[in-house]
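Following: one structure in structure tokens, then a few remarks.
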Amino acid sequence: MHLFNLKDDSDTVNFCEAVQKGLGKNQGLYFPKDIAPLSNVEELLAQPFTQRSSAILSHLIGDDIPAETLAQLVENAFNFPAPLAQVKDNVYCLELFHGPTLAFKDFGGRFMAQVLSYLTKDNKNPITILTATSGDTGAAVAHAFHGIENINVVILYPKGKISTLQEKLFSTLGGNIHTVAVESDFDACQQLVKAAFDDPEVRDGLHLNSANSINISRLLAQVCYYFEAFSQIPQDERSEVVFSVPSGNFGNLTAGMIAKALGLPIKRFIASTNANDTVPRYWASGEWSPKPTVATMSNAMDVSQPNNWPRIEALFEYGYLDKAILSAEAVDEEYTQVAMRQLMKDGYVSEPHAAIAYKSLKRNLTETEVGVFLGTAHPAKFKETVENVLGQPISLPQPLAECAGKETLSANKDASYESLKAHLFELLK
Ligand SMILES: *Cc1c(COP(=O)(O)O)cnc(C)c1O
């Protein structure tokens, strides 16, 4: 697989290099030079999840990883299902929350951990994964890498802006997993990560690698579950399928659009955001004007400068997709709650992120279309919010119950780069 830097097309890499570098020069994102359509989509749809996923990833990645090795990495990473739940006649939820940290980020996080552990197994020096999380990336990355030799993980998150349970899920592991609570918001955490990658002393000294949704391995892993969704839709309902994707950094949507570019016959996409509506406003006006990030119930989507957006632009610019296949819609706090209650009436308990995607489907779906909204997190991950909105208790699934009683091991830091840098060297020198 050949990739180039969207900010400098002379910066080219293969898949393994792109995974290890994360970002290219000038913080540019890597993008595939060629996305060749699959010739056997129908045949693939009939295969079991991991077998089909290996075939798709092998098609994309090419000889950078031997097919048999790749198949093993996929088996290790995707060791839980992605069921499609029917919510109404023409509406389904793709439940992506049956992994160890109960959110879709387990797919990308676990595949990336497998690939990196394969690529660095003979390294002399350990690498450092440095990543910012607005909630779920942290947990997925922490669990995916916990106990993997030769890899240290440092996770930054906005202090007090994620749920206690979410925090416990990644800050109680210890070992090679280090967590830092930053006195600011998620965008500030992302800026700190960017600053560290721009600082050669830190980048090279600690062999930095990023693991957030910009890493190409995470994105490719996520392509696979759009095929999985399709495979579970009854044959006679597959002609007008619309995906509604609850979006923050827009990695999930990018992956879906790559699936379409590969030939999966998705009709169109709805990018669903909360009040952090940079993309819906841009899609309506043509003007890119991010506002300060606001805190919402769907806090994993509290992002006003989505870092994967340039890849979506590239999919249009390089002619893989037509702009008409995308619409964008913001759902405010009130309607997020309305949607959660509507879903409960239909017998489906959901959390704010998925509810936003459901709401914009309801607003947009035509009579002949079939809608799939992505269930990006287990409702119990947002227990307090869900219980408040729905007025009924929900129980904790096992992974959450286990860490709920443990103590947080995070360090507290202000949002200055100097304090982060000092902390990193103290932890890892
Ligand atoms: C990360 C996250 C999102 C947003 O995904 P992006 O790929 O960043 O757009 C949505 N819902 C939940 C629960 C998440 O954790």
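The values are calculated or read from the model by the stated rules, or taken from the named source; none is laboratory data. These numbers come from a predicted model, not from an experiment. Glycine also receives a Cβ, built like all others from the backbone with ideal geometry; neighbour counts cover every protein chain displayed.
Taking LEU94, is it within 15 Å of the ligand (Cβ to nearest atom) and out of contact with any Lys or Arg (no Cβ under 8 Å at 6 or more places or on another chain)?
So LEU94 fits the description; yes.
A search for C-beta distances below 8 Å between a residue of segment 113-132 that is on the phi > 0 side of the Ramachandran plot and any residue that is outside any strand (DSSP E or B) and of a type in the set (D, E, K, R), counting only pairs 6+ apart in sequence or on different chains, returns nothing.
Screening segment 280-299 for residues that are under 24 Å from SER350 (Cβ atoms) and out of contact with any helix residue (DSSP H, G or I) (no Cβ under 7 Å at 6 or more places or on another chain) and picking the one that is nearest to the ligand (Cβ to nearest atom) gives ASN299.
Taking the condition of being among the hydroxyl-bearing types (Ser, Thr, Tyr), farther than 21 Å from LEU169 by Cβ and part of a helix (DSSP H, G or I), how many residues in segment 385-429 meet it? Adding up the residues that qualify gives 2. Scanning segment 312-335 finds no residues that are within 11 Å of the ligand (Cβ to nearest atom), within 30 Å of LEU165 (Cα to Cα) and in a helix (DSSP H, G or I). For segment 341-364, does any single residue satisfy the condition of being in a strand (DSSP E or B), closer than 21 Å to PHE230 by Cβ and more than 16 Å from the ligand (Cβ to nearest atom)? No, there is no match, as no residue in segment 341-364 is in a strand (DSSP E or B), closer than 21 Å to PHE230 by Cβ and more than 16 Å from the ligand (Cβ to nearest atom).
Pairs meeting the criteria (first residue in segment 352-374 and within 17 Å of SER247 (Cβ to Cβ), second residue surrounded by fewer than 24 Cβ atoms within 10 Å (Cβ to Cβ) and acidic (Asp, Glu), beta carbons under 6 Å, at least 6 apart or on different chains) are SER360/GLU329. Set side by side, the residues GLY147, GLY138, GLY160 differ, and just one is under 23 Å from LEU23 (Cβ atoms), without any contact (Cβ under 8 Å) to a residue 60 or more places away in the chain and not polar (S, T, N, Q), which is GLY138.
Residues of segment 365-378 that are within 16 Å of the ligand (Cβ to nearest atom), of a type in the set (Val, Ile, Thr) and in a loop (DSSP other than H, G, I, E, B): THR376 alone. Looking at ALA295, ALA259, ALA221, ALA275 in this structure, which one is closer than 29 Å to ILE155 by Cβ and modelled with pLDDT under 95? Being closer than 29 Å to ILE155 by Cβ and modelled with pLDDT under 95 holds for just one of ALA295, ALA259, ALA221, ALA275, which is ALA295. Counting the residues of segment 243-255 that are within 25 Å of HIS59 (Cα to Cα) and more than 10 Å from the ligand (Cβ to nearest atom) gives 1. Selection of helices (runs of 4 or more DSSP H) fully inside segment 1-71 by the criterion of at least 3 residues being within 19 Å of TYR225 (Cα to Cα), of a type in the set (S, T, N, Q) and modelled with pLDDT of 95 or more returns 49-61. Picking from residues in segment 189-204 that are modelled with pLDDT under 95 and over 19 Å from the mean Cα position of the chain (by Cα), the one that is nearest to the ligand (Cβ to nearest atom) is PHE197. Of all residues in segment 223-237, at least one satisfies being within 15 Å of the ligand (Cβ to nearest atom) and either basic (Lys, Arg) or closer than 24 Å to LYS362 by Cβ (or both).
Does ARG268 satisfy being away from the ligand (no atom under 16 Å from the Cβ) and in contact with a strand residue (DSSP E or B) (Cβ under 7 Å, 6 or more places away or on another chain)? Considered against the rule, which asks whether it is away from the ligand (no atom under 16 Å from the Cβ) and in contact with a strand residue (DSSP E or B) (Cβ under 7 Å, 6 or more places away or on another chain), ARG268 comes out as yes.
In segment 289-306, which residues are closer than 21 Å to GLY375 by Cα and in a loop (DSSP other than H, G, I, E, B)? Passing the criteria: ALA295, THR296, MET297, SER298, ASP302, VAL303, PRO306. Could you list all residues from segment 91-123 that are surrounded by 24 or more Cβ atoms within 10 Å (Cβ to Cβ) and among the aliphatic types (A, V, I, L, M)? LEU94, LEU96, LEU102, ALA103, MET112, ALA113, VAL115, LEU116, listed by residue number.
Residues in segment 250-283 that are over 17 Å from the mean Cα position of the chain (by Cα) and within 19 Å of LYS362 (Cα to Cα): ILE266, LYS267, ARG268, ALA275, ASP277, PRO280. Go through (1) surrounded by fewer than 17 Cβ atoms within 10 Å (Cβ to Cβ); (2) of a type in the set (Asp, Glu); (3) within 11 Å of the ligand (Cβ to nearest atom) and name the single condition ASP302 misses. Unmet for ASP302, out of (1) surrounded by fewer than 17 Cβ atoms within 10 Å (Cβ to Cβ); (2) of a type in the set (Asp, Glu); (3) within 11 Å of the ligand (Cβ to nearest atom): (1). For segment 174-209, the set of residues classified as crowded, with 20+ Cβ neighbours inside 10 Å and small (Gly, Ala, Ser) consists of ALA181, ALA196, listed by residue number.
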